[in-house]
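Colleague: Quick one: the structure is below, and I'll ask about it shortly.
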């Protein structure tokens, strides 16, 4: 069977046929960008916005700070609105997560029969305000536990929950350890080897009945 | 770490961002252009693996994150120049990425203190290669967004080198269906190339 000339060189963009024929496995291979890169981009965008505002304000701030009750726009209102906008920055969940004063530091026990195997500080993958968390992998009488110490973790937005995961280093197979609300002490099933599944991940999961990882990770760290 | 096409297609069903309905994609593009910062997050989520993988392949792991950051910052700062009617956002991002990668490549080439840097390399030739690599990776992504039947037919026609008549016989559909599926598929792929060309440094 022979090719119709139109099949070999279709009309339209003359580059397309050659690009399709030249595709190789490497063209399909993808590596996820490093965790935290988006937070860094968001930070630079926020800095852009801040410097643009400083330019627009000129030296007005200094004067306003020393002349409470003076005439003109109340600068405090402007700044509050600016802050709100900055916080909106790519923070679909963060706006709900960051609740001022919602400190929920829960002390976790550190008994004498606990042996620390590995630990990790979880990095924010998107701006979450003062929320922070660490993870410790401990052995307790031959049982492996993952202990999460979280602080300033606000309740999840309505219709969603936080879920804790251990993920393999290739980030291809997330294993759920269940729903979390803040600090937790969870037994790691023996079917999960934390040496391989070393990435601790907290995701925001919509209550949609889908048990898979939503792809919306809030915090992440690697046990080491 | 190569992933074959079938595997990529399977993964795309797990919400890798390529299965969005056309309407969603259009409204996302409009929100992005208007300066909705949440739209940037979605654009990043959907396309950062493509942009980062390209930067990593062209520049190495060490410089890939910086280059990726520059691409998304440039896209955000020039978002008003993005024209949704001139093609896909993936194409536009990769068009920008191509310029950033070529810039970074040139900068590294001038770094004569680095004995590993290709001091004798011809940047003119390299930039053609770097652009071709960007286009192929873009087309690979775009292929996965086609409806399954069209994708299979394009794959058979261009990877397996089958004639349209052979494809029709295998699939048990009329030849005209094969021709129109492939034509429409190619037209959709072209939208990505248009946006690529529309990007400015």
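Colleague: Is the shape of region A:137-209 rounded, prolate or oblate, going by the alpha carbon gyration tensor and its root eigenvalues a ≥ b ≥ c, with a/c under 1.5 for rounded and a/b larger than b/c for prolate?
Modeller: Oblate.
Colleague: What is the average number of partner chain Cβ atoms found within 10 Å of a Cβ in B:184-192?
Modeller: Taking the mean over all residues of the peptide, I get 3.
Colleague: What percent do you get for the relative contact order of region A:124-182 when only Cα pairs under 8 Å and 6+ apart count?
Modeller: For region A:124-182, the relative contact order is 26 percent.
Colleague: Quick one: which of A:217-224, A:167-174, B:90-97 comes out on top by average Cβ neighbours within 10 Å, and what's the full order, highest first?
Modeller: Final packing ranking: B:90-97, A:217-224, A:167-174.
Colleague: Also, I was wondering about something else. Give me the three principal axis extents of region B:34-107 from the C-alpha atoms, as integers in angstrom, largest value leading.
Modeller: Answer, in whole Å and largest first: 33, 20, 18 Å.
Colleague: Provide a whole-number value for the mean count of partner chain Cβ atoms within 10 Å of the Cβ atoms in peptide B:39-49.
Modeller: Mean inter-chain Cβ contacts per residue within 10 Å come to 4.
Colleague: Can I ask one more? Say R0 is 56 Å: what FRET efficiency, to the nearest 0.05, do residue A:48 and residue B:180 get from their beta-carbon distance?
Modeller: 0.75
Colleague: What average count of beta carbons from other chains do you get within 10 Å of the Cβ of residues in A:14-24?
Modeller: 6
Every number in this text was worked out from the coordinates using simple rules, so none of it is lab data. If you're wondering where the values come from, they're calculated on a predicted model, not measured in any experiment. Ideal geometry is used to build each Cβ from the backbone, glycine not excepted, and the neighbour counts take in all protein chains shown.
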